[in-house]
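Engineer: Have a look at the structure that comes next, please.
The values are calculated or read from the model by the stated rules, or taken from the named source; none is laboratory data. All values derive from a computational prediction rather than experimental measurement. Neighbour counts run over all protein chains shown; Cβ positions are idealised from the backbone, glycine included. Only protein heavy atoms, including side chains, enter the accessible area calculation; ligands, DNA and RNA are left aside. Shrake-Rupley method; radii C 1.70, N 1.55, O 1.52, S 1.80 Å.
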Amino acid sequence: MTAAQPADAVSHSGLDWQAIDWPKAESEVRRLQERIVKAVKERRWGKVKALQRLLTRSHSGKLLAVRRVTQNSGSKTPGVDRVTWRHLRSKEEAVMSLTARGYRPKPLRRIYIPKSNGKMRPLGIPTMRDRAMQALYLLALEPIAETLADPNSYGFRKGRSCADAIEQCYTVLRGAKDRWILEGDIKSCFDEISHEWLMAYIPMERAILRKWLKCGYMDEDAFHATSHGTPQGGIISPVLANMTLDGLETRLRNEFPTEGPGYREGRKARVHMVRYADDFVVTASNRELLETRVRPIVQEFLHNRGLELSWEKTSIVHITDGFDFLGQNVRAYGRKTLIMPDKRRVKAFLDSIRELVKRNAQTPTDRLIAILNPRIRGWANYHRHVCSKDTFCHVDTAIFRCIWQWARRRHRYPHKSRRWIADRYFGTVGNRSWRFFGDERTKGGKTVRHWLCLAARTPIVRHIKVKAAANPYDPAWNRYFQTRSAPRAKSAKVKPTNIA
């Protein structure tokens, strides 16, 4: 009885959502998560199970779970019961409803979103209560997943990003003029994972996991049972998929060791793996090695988990031909490896900007700038860690031409001269002319001028890759992650001309 007392950071009686001591609740959950990490490293699985049970029954864990699902971007999207928790009273009642006894998840609501190849991607939307239960159990599962994860896995992991995966690609390929790459993509990864494998190897309460996997989904008022896969759209699904794929890098490292017995052959093979979710690349010194040894290992590993490679998206290429990964193109020019934005992604981005401008033909200028600026700034920030200066200039030029046509169409009838349009919509900032602007009239009667941001003004900096062994739930790494979260100017270097 005394062991459960510290986890109950907030009283169960008279819950007032606005009076909750959130730092104290976070501290209690964090303390349990750190204890889970320690138990996993010591391989004390009985204690891990006991600590998970303590966390998922704690009041602090339930508070954080409800806060997460009511504050994320999908909080206004209901499940099959059409219920959302928007009011304080509903959140307070939700905390009390998160109990494992008698819990039965409702079927998922199936929706479809378009993919870049024209196909539709199915998403399963759980109810708010099911989302909160998944968020609660994720608090206890994620520390285990991070402790056991492959060192060069970067997708859906706390403290890791696409920039880390791209930087690792540069690290293993820089200076390489004779290297081959297996571009791997798993066919319908989330939809095909074996339920039997998940039930056997995912370290969480089997009864709860089985209910989530077998709850089925509703599509156009028809119920469909699920015999395999974990739905895209569930909070816990990315971690389940990651844990399913963890171990592949270790399997390849055991086959091609860089230390110990057989290290000479292993180092000569130059086999390295970089994975982001279900997309991955494996490098090797020659094509035959990838075809005869690496790819069979990958296929066997995936087959045991009910998965297989997508032959449409899986290929073997030479580094001088280049390959696309996470929106970037990696290619060697002699001994120099360059990483630049993928031309297809650049075209898709410009097409989306042109479509936005076209749809806002009569929108006030300041409002159009407010729509475009976050998109331009976000796209440029994503690509600012690679060789993208020329691409940024090209994008700015294309957007200027689009805006110029937009301005001319607005004043076709009655006709206005080009000089009039230039004076009306474009000005000079510093030494840069032809900057698109819009004036906003505030409630106080003042005029505020807004300028369209330029991608080329985004500084190019080299991303400092996260250390492979770093674990955000391990107290030994607390200071390291605090340093990484410091102001970016202190943790970033000016990018050399030939580096990602």
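Engineer: I'd like to verify a number: residues in the range 427-461 that are open to solvent by 70 Å² or more (accessible area, probe 1.4 Å) and among the β-branched types (Val, Ile, Thr), how many?
Structural biologist: 2
Engineer: Kindly state which helices (runs of 4 or more DSSP H) lie completely within the range 176-240 and contain at least 1 residues that are at pLDDT 95 or above and buried (at least 18 other Cβ atoms within 10 Å of the Cβ).
Structural biologist: 195-201, 206-213
Engineer: Here is a list: Ala163, Ala176. Which entry is out of contact with any helix residue (DSSP H, G or I) (no Cβ under 7 Å at 6 or more places or on another chain) and under 24 Å from Ala486 (Cα atoms)?
Structural biologist: The conditions single out Ala163.
Engineer: With the requirement that a residue be surrounded by 14 or more Cβ atoms within 10 Å (Cβ to Cβ) and either acidic (Asp, Glu) or free of Cβ contacts under 8 Å to residues at least 60 places away in the same chain (or both), what does the range 358-370 give you?
Structural biologist: Asn360, Thr363, Asp366
Engineer: Filter the range 253-302 down to residues that are in a helix (DSSP H, G or I) and of a type in the set (Lys, Arg) and give me whichever is farthest from Ile316 (Cα to Cα).
Structural biologist: Among those residues, the one meeting the criterion is Arg264.
Engineer: Enumerate the pairs (first residue in the range 244-259 and within 19 Å of Pro203 (Cα to Cα); second residue anywhere and open to solvent by 10 Å² or more (accessible area, probe 1.4 Å) and among the aromatic types (Phe, Trp, Tyr)) with beta-carbon separation below 8 Å, excluding pairs fewer than 6 apart on the same chain, so at least 6 apart or on different chains.
Structural biologist: Thr244/Trp197; Gly247/Phe301; Leu248/Phe301
Engineer: Let me ask another. Go through Arg43, Arg35, Arg67 for me and flag whichever is closer than 26 Å to Ala207 by Cβ, in a loop (DSSP other than H, G, I, E, B) and at pLDDT 95 or above. Before you say what the answer is, go through the steps one by one.
Structural biologist: Details: Arg35 fails: in a loop (DSSP other than H, G, I, E, B); Arg67 fails: in a loop (DSSP other than H, G, I, E, B).
Exactly one residue qualifies, and that residue is Arg43.
Engineer: Going by the structure shown, is Met243 under 30 Å from Val271 (Cα atoms) and either in a helix (DSSP H, G or I) or open to solvent by less than 20 Å² (accessible area, probe 1.4 Å) (or both)? Working first, answer last.
Structural biologist: Working: under 30 Å from Val271 (Cα atoms): yes; either in a helix (DSSP H, G or I) or open to solvent by less than 20 Å² (accessible area, probe 1.4 Å) (or both): yes.
Taking the combined requirement at face value, the residue satisfies it.
Results for (1) under 30 Å from Ala222 (Cβ atoms); (2) among the acidic types (Asp, Glu); (3) in contact (Cβ under 8 Å) with a residue 60 or more places away in the chain, shown as yes or no for each residue.
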{"residue": "Leu54", "(1), (2), (3)": "no, no, no"}
{"residue": "Arg68", "(1), (2), (3)": "no, no, yes"}
{"residue": "Val80", "(1), (2), (3)": "yes, no, yes"}
{"residue": "Leu98", "(1), (2), (3)": "yes, no, no"}
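Engineer: A follow-up question, please. Within the range 166-173, is even one residue part of a helix (DSSP H, G or I), charged (D, E, K, R), closer than 30 Å to Ala332 by Cα and open to solvent by less than 50 Å² (accessible area, probe 1.4 Å)?
Structural biologist: The answer is yes; a qualifying residue exists.
Engineer: Identify the single condition in (1) touching a Ser or Thr at 6+ places or on another chain (Cβ under 7 Å); (2) open to solvent by less than 20 Å² (accessible area, probe 1.4 Å) that Arg270 does not satisfy, given that it satisfies every other one.
Structural biologist: (2)
Engineer: I'd like the residue in the range 277-298 that is over 27 Å from Tyr333 (Cα atoms) and within 25 Å of the chain's Cα centre (by Cα) and, out of all such residues, is surrounded by the most Cβ atoms within 10 Å (Cβ to Cβ).
Structural biologist: It comes out as Val298.
Engineer: Return the residues of the range 12-44 that are under 19 Å from Leu63 (Cβ atoms) and open to solvent by less than 50 Å² (accessible area, probe 1.4 Å); say none if nothing qualifies.
Structural biologist: Leu15, Trp17, Ile20, Trp22, Ala25, Glu28, Val29, Leu32, Gln33, Glu34, Ile36
Engineer: Can I ask one more? Among the residues of the range 85-99, write down those that are over 25 Å from Glu205 (Cα atoms) and open to solvent by 40 Å² or more (accessible area, probe 1.4 Å).
Structural biologist: Arg86, His87, Leu88, Arg89
Engineer: For the range 308-358, enumerate the residues that are in contact with a Gly (Cβ under 6 Å, 6 or more places away or on another chain) and part of a helix (DSSP H, G or I).
Structural biologist: Arg345
Engineer: Hey, among Gly124, Gly102, which residue is of a type in the set (Gly, Ala, Ser), assigned to a strand (DSSP E or B) and within 26 Å of Met199 (Cβ to Cβ)? Before the answer, list the steps.
Structural biologist: Values: Gly102 fails: assigned to a strand (DSSP E or B).
Criteria check complete, one pass: Gly124.
Engineer: Between Trp420, Trp379, which is part of a helix (DSSP H, G or I) and open to solvent by less than 40 Å² (accessible area, probe 1.4 Å)?
Structural biologist: Values: Trp420 fails: open to solvent by less than 40 Å² (accessible area, probe 1.4 Å).
None of the others qualify; the one that does is Trp379.
Engineer: Given the criteria hydrophobic (A, V, I, L, M, F, W, C), over 30 Å from Gln482 (Cα atoms), open to solvent by less than 20 Å² (accessible area, probe 1.4 Å) and in contact with a Gly (Cβ under 6 Å, 6 or more places away or on another chain), does Leu108 qualify?
Structural biologist: It is true that Leu108 is hydrophobic (A, V, I, L, M, F, W, C), over 30 Å from Gln482 (Cα atoms), open to solvent by less than 20 Å² (accessible area, probe 1.4 Å) and in contact with a Gly (Cβ under 6 Å, 6 or more places away or on another chain).
Engineer: For the structure I just gave you, tell me whether Asp150 is assigned to a loop (DSSP other than H, G, I, E, B), open to solvent by less than 20 Å² (accessible area, probe 1.4 Å) and either in contact (Cβ under 8 Å) with a residue 60 or more places away in the chain or farther than 30 Å from Arg86 by Cβ (or both).
Structural biologist: Yes: the conditions hold for Asp150.
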